[in-house]
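Contents: one structure, followed by commentary.
The values are calculated or read from the model by the stated rules, or taken from the named source; none is laboratory data. Only a predicted model underlies this, so the values are computations on that prediction, with no experimental measurement involved. Cβ atoms come from the backbone with ideal geometry, glycine included; neighbour counts cover every protein chain shown. Protein only, heavy atoms only, side chains kept; ligands, DNA and RNA dropped before computing areas. Shrake-Rupley method; radii C 1.70, N 1.55, O 1.52, S 1.80 Å.
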Amino acid sequence: MTSSQQGIGMTSQRTRDRLITRLKEQGIESSEVLSVIKDLPRHLFVDEALASRAYEDTALPIGHGQTISQPFIVAKMTEILLEGSAKKKVLEVGTGSGYQTAVLSRLVDRVFSVERISPLQNQARERFYQLKLNNIKLKHSDGSWGWDLNAPYDGIIVTCAPEEIPQDLLRQLAPGGRLVIPVGGSQQSLRVIDRNGDAFEETELDAVSFVPLLSGQI
Ligand code: SAH
């Protein structure tokens, strides 16, 4: 750790506690999720110039026109994903900074994450190495195809918004599995899809605002 990272770590405990209080006030109930967010150093997932803002409940730029998701939405989506049956194997589409991936890695056995922008993926990989998060596998690809090799997944979380739910993601969901995904263009909403055998039950939740899911890889 560099001295500047330590400095931020030391001064940030109160700000981190404030963030947890705020997440609780906003309705996050899972003590496991709150505890992971409290311990995970979000400032290591953003550029050093933005580190002092890392414990504000806000999305921040991570380069390449992308953002690290707001802590509230990370907490909410994680809580929804993990509700109900145990989730051992989870797929994430849109690694970005790797923050959501890291939160998941502390709550499930194995996390697979797909990112289309290579430099973001490489930075995320370096962060996981530093934090000794050893149960994460990354792939540089268009995540609308999912990651067939390791399917089926008990849970799939998508952190960018497609216009429609990609069929491959539904196909790669295990029976009893759950998909949490923002869907839409200028108007998006969070959807939860539960697979029961070959039936898919969809629930529409609140309006959200994610970067778009784009095709291809760079
Ligand atoms: N979970 C991330 C969110 C980053 S923003 C975080 O908290 O940091 C969403 C990410 O989805 C971006 O990094 C973007 O490049 C990625 N993305 C967009 N379309 C994609 C696609 N088709 N396949 C994989 N990743 C995609």
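A few comments on the model shown:
- With respect to (1) near the ligand (Cβ under 10 Å from one of its atoms); (2) outside any strand (DSSP E or B); (3) among the aliphatic types (A, V, I, L, M), the lone exception for Val114 is condition (2).
- Residues of the stretch 132-161 classified as part of a loop (DSSP other than H, G, I, E, B), more than 13 Å from the chain's Cα centre (by Cα) and either polar (S, T, N, Q) or within 11 Å of Leu91 (Cβ to Cβ) (or both), total: 7
- Residues of the stretch 162-175 classified as in a strand (DSSP E or B) and open to solvent by 40 Å² or more (accessible area, probe 1.4 Å), total: 1
- Among the numbered conditions (1) in a helix (DSSP H, G or I); (2) open to solvent by less than 10 Å² (accessible area, probe 1.4 Å); (3) more than 12 Å from the ligand (Cβ to nearest atom), the only one that Tyr129 does not meet is (2).
- Ser105 being within 25 Å of Ala59 (Cβ to Cβ), in contact with a strand residue (DSSP E or B) (Cβ under 7 Å, 6 or more places away or on another chain), in contact (Cβ under 8 Å) with a residue 12 or more places away in the chain and among the hydroxyl-bearing types (Ser, Thr, Tyr): yes
- Residues of the stretch 50-84 that are within 17 Å of Leu120 (Cα to Cα), surrounded by fewer than 20 Cβ atoms within 10 Å (Cβ to Cβ) and of a type in the set (Gly, Ala, Ser): Ala59, Gly63, Gly65.
- If the condition is being at pLDDT below 95 and either within 15 Å of the ligand (Cβ to nearest atom) or surrounded by fewer than 19 Cβ atoms within 10 Å (Cβ to Cβ) (or both), then the stretch 85-110 contributes Ser85, Ala86.
- Single condition Ser12 does not satisfy, out of (1) small (Gly, Ala, Ser); (2) open to solvent by less than 80 Å² (accessible area, probe 1.4 Å); (3) more than 16 Å from the ligand (Cβ to nearest atom); (4) at pLDDT 90 or above: (4)
- Residue within the stretch 184-196 that is within 20 Å of Gln70 (Cβ to Cβ), without any contact (Cβ under 8 Å) to a residue 12 or more places away in the chain and either assigned to a strand (DSSP E or B) or open to solvent by 90 Å² or more (accessible area, probe 1.4 Å) (or both) present: yes
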